[in-house]
Structures are given as C-alpha cells and as structure tokens.
Amino acid sequence: MTNEDAKVIPVRVALRCRPLVPKEINEGCQSCLTFVPNEPQVIVGTEKAFTYDYVFDPTSEQEEVFSTAISPLLNGIFKGYHATVLAYGQTGSGKTYSMGGTYTSAQENDPSVGVIPRVIRRIFEEKEKRADSEFCLAVSYLEIYNEDILDLLSSSKDKPAISIREDPKEGIKIVGLTERQVVSAPEMVGCLELGNSARTVGSTAMNAASSRSHAIFTITLEQRRGSDKVDSVVSKLHLVDLAGSERQKKTKAEGDRLKEGISINRGLLCLGNVISALGDESKKNAFVPYRDSKLTRLLQDSLGGNSHTLMIACVSPADSNMEETINTLRYADRARKIKNKPIVNVDPRAAEMNRLKQQV
Ligand code: ADP
Ligand code: MG
C-alpha cells in the first residue's frame, strides 16, 4: 500500500484539565471551566463550548488517560504504524505530569505515574504475548533548546554535532543522536530516568529551561514475524513534552534572553503555522512550513503525514489563567482538522528481500 490510498485519520485531541493547585486555591481562584457529563465537551465561562475526542476533567486519573487515549495508539504500533503523543499547554498546566517527564523508579507503583512509564510497561507486556515474533527495541531522548538539539542520553563531554537529514525511504533521520538498544522494561525506564535528570539539571542552571524546551522520547519497535522472519515492520512512537505555550511577556530582552525568546517562539510559532496550513480546508495543497523550525521538521510525519497522532491539550481550570486556557482550547481545536494518512511501515530491507525473492 502507498500513502496515496491510505485511510485518512485526523489528529485526535484529548483535553486534560488538572485540579486547582494549592497556589491557585490560596489566591482565591475559581474554576472557569464546566464539564458536560458523558460528553467530550468543555464550557469556558458561561457560554463558549469546545468539543474534542476526549475530555478529562480534574478528577481523571493517569490510568484513565492511558487506557482511553493512549492504548489505541499502542495497538497500532504493534501493527507497524507510527504514533505520536504531543503534550501542549501553558507552563504549569500539567504537560510533564501527564507525560511522566519527572519519573523516577521510586514511583513505580504510584497511581500518579504518567504516560511514558505506562507505555514502556505495556510495550514489554505485549511483546511477551507475541512469542512468534522477534523484536528489536531502541530509544532516544532529545531536547530542543534554542533551536539546538541536545542528546539527553549522552553523557560524554564532546558530543557529536546533531543534524537532521531526510531519507526518501525512511523519512526524517537524526544523525549523531544516541539510539540505545534495550531488551527489558527496566532498561528502557533507566533511559527515561537518565534523560529526565539531564533535563532537570538544565532547569536549575538556566531558569526554568525545561518549560522553554521541547523534549522528545522516541521508541523504535522493529518486529519480524513469520517462519523465515522476512515479514518485518518498523514503527516509531514519539512522546513529546512541548515547551510552555504562554505568550512571552514583552520584556526588553537583549542578548541571550532575546535569542532564547525568539527561538522558543520559533518552534511553537512554527508548529502553529504548520497546524493552520494543514487544518485549513480552503488552503488545500498550501505550502506547509515544516522547515522553519527543528521541532516541526522532526514532527513532520506526525502532522499531516504517516502517523496516528494524539495531542494532549493541558489546561489549568483557574479563572486567572482563562486567557491562556482559551488560547489552548482554540489551538487544540485547529489541530483536530489535520488529516494524517498512516500506513504500515514495512522494513525497507525486508521489502527489498521479498521483491528479490519473487523475481527468482
Ligand atoms: P507543565 O509541565 O505543563 O509546566 P507540570 O506537569 O509541571 O506542568 O504541572 C504543574 C504542577 O501541577 C505540578 O506540581 C504537578 O504535579 C501538578 N499537576 C499537573 N497535572 C496534575 C493532575 N492531573 N493532578 C494532580 N496534579 C497535577
Ligand atoms: Mg513541564
């Protein structure tokens, strides 16, 4: 099957509203969101309603988010489809909490564990059930900060320069990034913890760098089936914790601060432009500016391409954040209009072997 005749599947959006945090309660904030029972709908203030694929109100637990919104994507990756989960929202809205970006193994059986550790557990459970297949699993973990790609799994002092290349058959490739082969869930969780701690160091050194960077945890799953193991598929799962979407205050920034401000806005601004170009019915075949930022280049396949994609739009319920919340709700609403065409990704080497076999 080629991408031309693949079924169109839109980007799905899960809205997630966290509870009021102590700071908001102390400041006397009220909730400005109402949730419609048994409907994936949220009402802001007294009138404006938004509908998504899923809506998780402040009482929803991590397990519910995982089993309703994430689980279907995992079924897909075992069939050879790529998948992407993007957490979007202003700083403090629950992106990192939802994704599991502060996970340490001390939390192992805690109900507050987020998406990534749950995904890891499920992948290895599913793998065990498929004794007839051979699996090869690898992970990478990167951060985009100031338009630089940082390798969160590399501890070496002189890290190789990382660059992005586009392969006509295999799509976007990141050259120079650590890709660690793993054979067990604890080993993969170890990579997550290692990368998470590399992020945290950044945030103490550089004033909330984590809210200014995008983090992408990628799992590559190679699966060989059949008696001669030539039936081979390769799928990628990107788990993305985006930078905080709040408008940068118009301070008189100079030098590094200014550069930082521009480049943060570059990734998110460009993501917004890509979403607009892809979601606008009247602009069919419009130019999509993927190349304007590293974030959108890396996510090219996840947006309007070959992937099952879910956006978790995170919001605070507090009335003091209402303006940012409405921005997030609108942004998420536009993302739902993006149409992807996911296909089963046959390993190009296996496909070539099959072709040669048939010729003989
Ligand atoms: P972000 O990554 O979007 O900046 P965080 O994930 O760090 O935000 O969340 C901000 C604070 O809110 C943290 O203290 C986090 O523990 C808390 N929080 C976020 N989502 C939830 C939730 N669903 N339930 C309980 N606490 C949450
Ligand atoms: Mg965060």
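The values are calculated or read from the model by the stated rules, or taken from the named source; none is laboratory data. Quick caveat, the model's predicted, so the values are computed rather than measured. In this analysis, Cβ positions are derived from the backbone assuming ideal geometry, glycine residues included, and neighbour counts consider all displayed protein chains. Just so you know, the surface numbers come from the protein's heavy atoms only, side chains and all, with ligands and any DNA or RNA stripped out. Shrake-Rupley method; radii C 1.70, N 1.55, O 1.52, S 1.80 Å.
Couple of notes before you dig in:
- Considering the stretch 77-104, the residues that are open to solvent by 10 Å² or more (accessible area, probe 1.4 Å) and among the hydroxyl-bearing types (Ser, Thr, Tyr) include one that is nearest to ligand 2 (Cβ to nearest atom), namely Thr96.
- Qualifying residue in the stretch 126-140 (condition: under 25 Å from Leu271 (Cβ atoms) and more than 16 Å from ligand 2 (Cβ to nearest atom)): yes
- Residue within the stretch 139-147 that is within 24 Å of Arg180 (Cβ to Cβ), more than 16 Å from ligand 1 (Cβ to nearest atom) and exposed (fewer than 14 other Cβ atoms within 10 Å of the Cβ) present: no
- Subset of the stretch 176-197 [assigned to a helix (DSSP H, G or I) and open to solvent by 40 Å² or more (accessible area, probe 1.4 Å)]: Pro186, Glu187, Glu193, Leu194, Ser197
- Output for the stretch 296-318, where each listed residue is of a type in the set (A, V, I, L, M) and either open to solvent by 10 Å² or more (accessible area, probe 1.4 Å) or at pLDDT below 95 (or both): Leu298, Leu299, Leu303
- All of Leu15, Leu20 fail the test of being farther than 30 Å from Arg224 by Cβ, at pLDDT 95 or above and in contact with a Phe, Trp or Tyr (Cβ under 6 Å, 6 or more places away or on another chain), apart from Leu15.
- One residue stands out among those in the stretch 105-125 that are more than 21 Å from the chain's Cα centre (by Cα) and surrounded by 12 or more Cβ atoms within 10 Å (Cβ to Cβ): the one that is farthest from ligand 1 (Cβ to nearest atom), which is Glu108.
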